[in-house]
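Comments concern the structure below.
Read the figures in this text as sums done on the coordinates, not as results from a lab. Note that the structure is predicted; figures quoted are calculated from it, not measured. A quick note on method: Cβ atoms are made from the backbone with ideal geometry, for glycine too, and the neighbour counts reach across all protein chains shown.
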Amino acid sequence: MKHYDAVVIGSGVGGLAAGAVLAKNGLNVAVLEKNHCPGGVANSFRRGRFEFEISLHELCGFGPPENPVGSSRRVLDALGLSDRIEWARVPEAYRLITFAEDSPIDAVMPFGTRAFADALESYAPGSRGPAEKAFALAGEIRRALSDLGRASGPEEKRACLLSHPDFLRAAGLSVDEGLRQLGMPERGADIMKGYWAYLFTDCSELSFLHYLNMVNSYIELGSVIPKNRSLELTNAFAGYIRERGGDVLTDSEVTRIMCEGGAVRGVRTRSGAEYAADGVVCNISPLSVYSLLLEEGDVTAFDRKKTNARELSGRGFCVYLGLDRSARELGLENYSYFIYPDMDTASQYRSAGSTATNLIQNTVCQNAADEEASPPGTCILTMTTLFSSDVWGGVAPEDYHAEKDAFAARMISVFEKATGISISHHIEEMEVAAPQTFARYIGSPEGAIYGYKAASWDSILARKLMDGKDSDIRGLYFAGGFGMNLNGYSSAMSSGMDAAERLLGRRDAR
């Protein structure tokens, strides 16, 4: 049995970040991946002459060279990886389109807190002041979360909270309540909620602190994409681990986490290989870990209850389109299109529980950020929606392909209607990924690519106050969308770093 100081299960960006931080600190680490290449959905694929990005729409928390700050920058700079990747900056925050007849919205929102507040004022008079207050509060949230992350023990955490009174006042508010208390006009609030699908929890329930922190990370610093797709990010992490003597082993599906005396002792793969380790970081769903990878007797009642109490978030559905005209020729002037019937997010979240009623989509035109993303005279569109329940689990196998193609066609039709841009007759290549696709490829239950739902009782703040305890099993940690920081590339990388630091802290304390 080969011995490692730590094993990481799953090579999504959260797992790779954890492995890289552990390797940087001198640990002998192995990252085990069930597929034939690392990265999970941080990857790309080819159809014809197009290379499609699987999942990354935009990476936030990565400030420009003149202001190199943010959560993504923190992770990549700590590992010296920022300059290994060729970045393209996304030109604007988003274009929000709603097509409700009584109050349609078509708003293009810029990056930069001042520019964003000015644009919001132009679309919804009376919004500038509340927007400025919101961004000031976001700064307080960032400082409070940073201080809270460094605090140890209940007393230090209590003192930290008391030293950030505005953070504490806003802690129990939903997005809708928070924007109302800031005095934001309804139309301004609707526009400011454009990013809600990135967390996919309706704004009557979504934590105001969590949402505002995310919005600010986009608006203040802008966002980027790797010019060579998220595979470039994956390769940078994997290369770093190998350079420091670690292993990234593909075709190595873990089937058992071995425990003894309430602590991890190693893992076993499907091939029968066993690896001893005192620490295991899981970049996969706790549902899979507790139900499939652990002996029943190793799972405590608390871990079982906590896992069962949590609700899965969005189940992913993507349409990848290679078009035979350039973005300019087609009139695709924007990078990111958020398209909703209206901004009643509670209603839209419920509608996302059925293929018949789900009209939500976020579509990105990669060429708007990188003109060379596809061959000259062509462009790439990626359409994404999420489902709030296991809709596709009830589709009969014989109906699956027809249902999938029909829903993809409707997404294309909705985009054409909302934007007035005709793309149907210019589709050269098309691929469709339903929740089953993601479930099969990354093992996420029901194809839930967003991890757990960002419920108010299970927000980042609630998790931080748990003293960073991932599990009752000693030496077991979680990273990625199911980890401490919830979903998103930036959050996944940060959670990987945090999980590694908790593992390192435990080793130092022995």
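One chain, two ends: Lys469 and Cys37. Fully extended at 0.36 nm per residue, the span grows by 152.5 nm beyond their Cα-Cα distance.
A value for percent of Cα pairs over 44 Å apart was derived from the coordinates, and within the list (i) 26; (ii) 18; (iii) 11 it appears as (iii).
Relative contact order of the chain: 24 percent, from C-alpha pairs under 8 Å at least 6 residues apart in sequence.
If only the Cβ of Lys and Arg carry +1 and only the Cβ of Asp and Glu carry -1, the dipole of the chain around its Cα centre is close to 1300 debye. The HN-Hα couplings worked out from phi for segment 374-384 by the Karplus form 6.51 cos²θ - 1.76 cosθ + 1.60 (θ = phi - 60°) are 9, x, x, x, 10, 7, 10, 10, 10, 9, 10 Hz, whole numbers, x standing for Gly and Pro.
Positive contributions from Lys and Arg (+1) and negative ones from Asp and Glu (-1), summed over other residues with Cβ under 10 Å from the Cβ of Leu231, come out at -2. Take the Cα of Asn308, step 7 Å toward its Cβ, do the same at Leu168, and the gap between the two points is 3.6 nm. Under the shape rule built on the C-alpha gyration tensor, where the axes satisfy a ≥ b ≥ c, segment 110-222 is prolate, since a/c reaches at least 1.5 and a/b is greater than b/c. For segment 295-381, GluC sites (Glu not before Pro) are listed when DSSP marks them as loop and at most 14 other Cβ atoms sit within 10 Å of their Cβ; the list is Glu295, Glu311. When the C-alpha to C-alpha distance is required to be over 26 Å, the pairs from Lys193/Lys453; Lys2/Lys453; Lys306/Lys404; Lys133/Lys193; Lys193/Lys404; Lys2/Lys24 that qualify are Lys2/Lys453; Lys306/Lys404; Lys193/Lys404. The lysines whose alpha-carbon is closer than 17 Å to the alpha-carbon of Lys157, local same-chain residues fewer than 8 away aside, are Lys464, Lys469.
What number, in percent, do you get for the relative contact order of segment 63-215 if the mean sequence gap of Cα pairs under 8 Å and at least 6 apart is divided by its residue count? With pairs under 8 Å counted, the relative contact order is 19 percent. Can you check what the net charge comes to around Ala439, using other residues whose Cβ is under 14 Å from the Cβ of Ala439 (Lys, Arg +1; Asp, Glu -1)? Taking every other residue near Ala439 into account, the sum is +2.
Placing unit charges on the Cβ atoms of the charged side chains and taking the dipole of segment 374-510 about its Cα centre, the candidate lying farthest along the positive direction among Ser490, Gly377, Ser444 is Ser490.
Residues in segment 285-300 carry Karplus couplings, in order, of 5, x, 4, 5, 4, 6, 9, 10, 9, 10, 5, 4, x, 7, 8, 7 Hz; the curve used is 6.51 cos²θ - 1.76 cosθ + 1.60 with θ = phi - 60°, and Gly or Pro positions show x. Over all other residues within a Cβ to Cβ distance under 14 Å of Ile421, the charged ones net out to 0, with Lys and Arg as +1 and Asp and Glu as -1. For the chain, the longest principal axis of the C-alpha atoms and the axis of helix 400-419 are separated by about 50°.
Derived scalar couplings between HN and Hα for segment 277-284 equal 6, 8, x, 10, 9, 9, 9, 9 Hz in order, rounded to whole Hz, by the Karplus curve 6.51 cos²θ - 1.76 cosθ + 1.60 (θ = phi - 60°), x for Gly and Pro. Within the chain, DSSP assigns beta bridges of which about 70% are antiparallel (rounded to the nearest 5).
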